[in-house]
Structures are given as structure tokens and as C-alpha cells.
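Taken together, the values in this text are just the output of simple stated rules run on the coordinates, not laboratory data. Only a predicted model underlies this, so the values are computations on that prediction, with no experimental measurement involved. In this analysis, Cβ positions are derived from the backbone assuming ideal geometry, glycine residues included, and neighbour counts consider all displayed protein chains.
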């Protein structure tokens, strides 16, 4: 149980939407980049990023109260470790999405069980991304956030040294690039939709990009990786993805899922909140251990281990 005053707890939850939108505004204005060399006055910042000085001051003051930016003296701000994160590692892209398209979808969230995004935008999220290349590029950058930590999760995997790893829904390939840097004996295939924004030269000569839909077919490989893919889909569609992979997989192929495992009980966990975002966007969901076991078995796989961050399975 929280030891915080109930009024304080409720206030922080109620103001959460304001914080989300404020972060998006300053990220889109590139305020953290403008402060990269040191403190600046609000007037100077406003001229540089094209904002109203008074409004910018109010945004930064509010964020500084939660340690995002720091007001060194009246009207003069600098970055903190938190605001500096918005400059790289995908956090700025996430701020744009959460305070933009995601924000509108959450506004439509209700208890019906239906995703809000299609009703608000008159199309599903993936079609909307395909129709908006700039947003697709932002989304792909956001998916790089935490790449180093995700690559480290593979430390628990026993590699055979000469395997072909298929990153299903692999985006711009950054995860696979990181993995192959650590495992020089592997080769890789990044499999994703053709509109994915990527630099194929950066993939190197050990990684190939293959276009396609994981609802139709996937390339043959020895290990299939899905990094935060299945949480985007309801059980029916997630099962269909797994069955597509199982149809292409050799009997000894393995499946690695980089996904959250929702814990039981009342302890705070980001996946419990992300679960609601998945519902608002696509009727997707985060899953607990029992739900992951049932989904894998329905898709033709046998769980080997289910740990938060890394789920391993083999073909049944």
C-alpha cells in the first residue's frame, strides 16, 4: 500500500494528461536540444524554438517541478538528466507519440473493450502510420528506445553460433544490428512492412531486409524474435501471427519474445498502464504468465521459460 496522502496520489494521477502533453510540446519544439550546451533564458529559448515566451516559461516551470528541466534562476532553465533523455534513445519520439496520436486515442478510451483509435481517426493505427510517413519515421525511432537493454536480454539465450535470426516486425533493424554485434556467428533477417523507415546500408552484410506481412508469411530461419509485437494485438490476431511463424519454422526452430509479463498483486508496474494504451490503440494487451502460456500453445509453440522481458518457446 502507498504511504502517500490519498489527495496527493489522486492529484498526481489527475494531472498526468497535462504532463504528457507538456512533454510532447517541449520535445517537438526541441527545447532539450536547444539547452544541450547549457542554461538559457526563456526569452532566448523562445526565439530559438519559435514559442511564446510566457507560455514556454509556464511549461518549463511545471516540468521542472517534477525534475524535468531545472530553473537555475528566475526565467533561466537548463536540462536535467531526465530532460536530456529526450534528446536521444527514442524518448523524444515517444513524447511526440504519447502527447499526439496516442493522446487523442486515450481521450476516447472507455469500458467497451473496443479500441478508440479507429473511431477517432477513421482507420486503424497501422494504416494511419502507412499514410503518414513522418509519423511512421517517429514511430520507428521510438521503437529504438531501450534497445541496449533489450539486446542485453538475449544474454540468457544459448546461441548455436551459425543461426539465422528472423526479427519479425523488426522495424529499422536496430535490435538485430545490436544482437549481431554481440554474436558474430549469427546472420539476420529484418522482416517488416515496406513503409518501414530504414537505412539498409546500416544493416551491414550479415542482415537482409525482407518486406511482407506477418499475417501472410515470414522467411525461414532458425530463431524468430518478436520484440514488443504481440502486445499490439488481441488474442485472435496474436495467435494468427504465431501460426504464420509456426508454418514457416523448421521443427527445431525457437521463438524469442521480448515482452512484459504482468505481475499479480498491487505492486506498481508500467505494464499495467501500458496495457490500457494497447487497448486504446488496437485492442491489444499486456499479458500475465498464464495468458502467455495459453497464447503460445494456441499458436503452436511450447513455452520453455516465461520471464519478464524474455519469453522462450520451441515448436510443438
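With respect to the numbered conditions (1) touching a strand residue (DSSP E or B) at 6+ places or on another chain (Cβ under 8 Å); (2) assigned to a loop (DSSP other than H, G, I, E, B), which one is the sole condition not fulfilled by residue 185?
The single condition residue 185 does not satisfy is (1).
Kindly evaluate residue 171 against the criterion of being more than 25 Å from residue 293 (Cα to Cα), free of Cβ contacts under 8 Å to residues at least 60 places away in the same chain, crowded, with 20+ Cβ neighbours inside 10 Å and in contact with a helix residue (DSSP H, G or I) (Cβ under 7 Å, 6 or more places away or on another chain). Outline the logic, then answer.
Details: more than 25 Å from residue 293 (Cα to Cα): yes; free of Cβ contacts under 8 Å to residues at least 60 places away in the same chain: yes; crowded, with 20+ Cβ neighbours inside 10 Å: yes; in contact with a helix residue (DSSP H, G or I) (Cβ under 7 Å, 6 or more places away or on another chain): yes.
Here the answer is yes, as residue 171 does meet what is asked.
Between 234, 308, which is under 30 Å from residue 120 (Cβ atoms) and without any contact (Cβ under 8 Å) to a residue 60 or more places away in the chain?
Among 234, 308, only 234 is under 30 Å from residue 120 (Cβ atoms) and without any contact (Cβ under 8 Å) to a residue 60 or more places away in the chain.
Restricting to segment 36-65, give me the number of residues that are in contact with a helix residue (DSSP H, G or I) (Cβ under 7 Å, 6 or more places away or on another chain), in a loop (DSSP other than H, G, I, E, B) and closer than 30 Å to residue 149 by Cα.
Looking only at that region, the number is 0.
Looking only at segment 1-27, count every residue that is surrounded by 15 or more Cβ atoms within 10 Å (Cβ to Cβ) and in contact with a helix residue (DSSP H, G or I) (Cβ under 7 Å, 6 or more places away or on another chain) and tell me the total.
From segment 1-27, those surrounded by 15 or more Cβ atoms within 10 Å (Cβ to Cβ) are 19-27; that's our starting set.
Imposing the further condition that a residue be in contact with a helix residue (DSSP H, G or I) (Cβ under 7 Å, 6 or more places away or on another chain) reduces the set to 20-27.
So the answer is 8.
Identify all residues within segment 1-30 that are part of a helix (DSSP H, G or I) and without any contact (Cβ under 8 Å) to a residue 40 or more places away in the chain; write none if there are none.
Here is the first cut: in segment 1-30, the ones part of a helix (DSSP H, G or I) are 6-14, 16-28.
Selection gives 6, 7, 8, 9, 10, 11, 12, 13, 14, 16.
For segment 200-231, enumerate the residues that are assigned to a strand (DSSP E or B) and closer than 21 Å to residue 158 by Cβ. Steps first, please.
Taking segment 200-231 and keeping what is assigned to a strand (DSSP E or B), we get 207-211, 223-227.
Within segment 200-231, 223, 224, 225, 226, 227 meet the criteria.
Got a sec? Which of 190, 197 is within 18 Å of the chain's Cα centre (by Cα) and part of a loop (DSSP other than H, G, I, E, B)? So that I can check it myself, show each step before the final result.
Numbers: 190 fails: part of a loop (DSSP other than H, G, I, E, B).
So the residue among 190, 197 that is within 18 Å of the chain's Cα centre (by Cα) and part of a loop (DSSP other than H, G, I, E, B) is 197.
Just give me the residues in segment 263-299 being surrounded by fewer than 18 Cβ atoms within 10 Å (Cβ to Cβ), in contact with a strand residue (DSSP E or B) (Cβ under 8 Å, 6 or more places away or on another chain) and outside any helix (DSSP H, G or I), in sequence order.
Within segment 263-299, 288 is the sole residue that qualifies.
Tell me, yes or no, whether segment 177-194 has at least one residue that is more than 26 Å from residue 308 (Cα to Cα) and in contact (Cβ under 8 Å) with a residue 60 or more places away in the chain.
yes
May I ask you to verify whether residue 92 is under 28 Å from residue 145 (Cα atoms) and exposed (fewer than 13 other Cβ atoms within 10 Å of the Cβ)? Please lay out each step first, then the result.
Details: under 28 Å from residue 145 (Cα atoms): yes; exposed (fewer than 13 other Cβ atoms within 10 Å of the Cβ): no.
Answer is no for this residue.
Which residues, taken from segment 247-262, are over 20 Å from residue 154 (Cβ atoms) and in contact with a helix residue (DSSP H, G or I) (Cβ under 8 Å, 6 or more places away or on another chain)? Steps first, please.
Residues of segment 247-262 that are over 20 Å from residue 154 (Cβ atoms), as a first pass: 247-248, 250-251, 262.
Selection gives 262 alone.
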